[in-house]
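What follows is a short report on a single structure.
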Amino acid sequence: MALIYNQLGDTEKALVALKEARVQNPGDFDLIVTEANVHYNLNNLEKFRELLEYAAELEPKNVQLQFNLGVIAADNGDFDNATKYYQRALELDPSNVNSYRALLSMREKSILDEQNSLGNSDAENRRYDELAEQKNQLFLKAITYFKKALESNPDDFESAGTLSNIYSALGDDINAKKYREISDGLAQ
């Protein structure tokens, strides 16, 4: 009944039915995830996170759960835990492009935030240059990963787009254009 109420959008009845069903089946993975999703739809994000963490304890090798927990942690500014969850998802499935893209984005944002916070002293200019080099190294590592992702899934327009953006940031206009054209062709 809980699943039916949830599909019909009657979240209040769904929650009541879910609570009753979970009393009878407290470790039912599908019920836990369904209840988590109902709480997400109600914007009860703390309960959503709590239930997903419990589900991840029941199925610790579930890549999607690890990724979703990473997203929740990142959205809450908890980048240490976000990194942990994304890395766990990648350990379980090294081809998990979304986790790698999220890690890349978080690390790039961290570098950019620090760069933007710097002033113009000699020490701060040196630090800016160090961070720029860190960002370039991050991008160079990412190129290998996203090329492999695109090789294993030639229809992955997001990886092609990410490669275009990375090459553009590195000032490699030829490869940026090449991968932008691939991405645009795949997106159609």
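The values are calculated or read from the model by the stated rules, or taken from the named source; none is laboratory data. Since this is a predicted model, take the numbers as computed values, not measurements. All Cβ positions, even for glycine, are placed from backbone atoms using ideal geometry, and neighbour counts span all protein chains on display. Side chains are part of the model used for accessible areas, which takes the heavy atoms of the whole protein and leaves out ligands, DNA and RNA. Shrake-Rupley method; radii C 1.70, N 1.55, O 1.52, S 1.80 Å.
Suppose every Lys and Arg Cβ carries +1 and every Asp and Glu Cβ carries -1, with no other charges. What dipole size does the range 128-188 come out with about its Cα centre, to the nearest 20 debye?
100 debye
Which length gain, in nm to one decimal place, applies between Met1 and Lys141 when the Cα-Cα distance is subtracted from 0.36 nm times their residue separation?
Gain in length upon complete extension: 45.5 nm.
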Subject >> Degrees between helix 157-169 axis and first principal axis of the chain (Cα, 0 to 90, nearest 10) >> reply: 30 degrees
Original post:
Assuming R0 = 22 Å, what is the FRET efficiency of Lys84 and Asn153, from their Cβ-Cβ distance, to the nearest 0.05?
Top reply: 0.30
Original post:
Between the range 121-170 and the range 101-120, what's the alpha-carbon centroid distance in Å?
Top reply: 13 Å
**OP:** Please work out the average accessible area per residue across the range 63-136, using the 1.4 Å probe convention, and give it in Å².
**Re:** 57 Å²
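Calculate what fraction, in whole %, of the accessible area of the chain sits on carbon and sulfur atoms when a 1.4 Å probe is rolled over the protein chains. Provide the component values of the computation, followed by the final result.
On the way: 5340 of 11260 Å².
Of all accessible area on the chain, carbon and sulfur atoms account for 47 percent.
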Original post:
Hey, which of these cross-link pairs are over 31 Å Cα-Cα: Lys13/Lys109; Lys47/Lys141; Lys84/Lys135; Lys61/Lys147; Lys19/Lys61; Lys84/Lys147?
Top reply: Lys13/Lys109; Lys47/Lys141
Subject >> Space enclosed by the convex hull of the alpha-carbon atoms of the range 75-173, per residue, Å³ >> reply: 110 Å³
**OP:** Restrict the search to the range 1-66; then list the trypsin sites (Lys or Arg not before Pro) that DSSP places in a loop and that have at most 16 other Cβ atoms within 10 Å of their Cβ.
**Re:** Lys61
Subject >> Quotient of C-alpha Rg and 2.2 N^0.38 Å, computed over the chain >> reply: 1.29
**OP:** Report the extension gain between Glu124 and Lys47 in nm, rounded to one decimal, defined as 0.36 nm multiplied by the number of residues separating them, less their alpha carbon distance.
**Re:** 23.5 nm
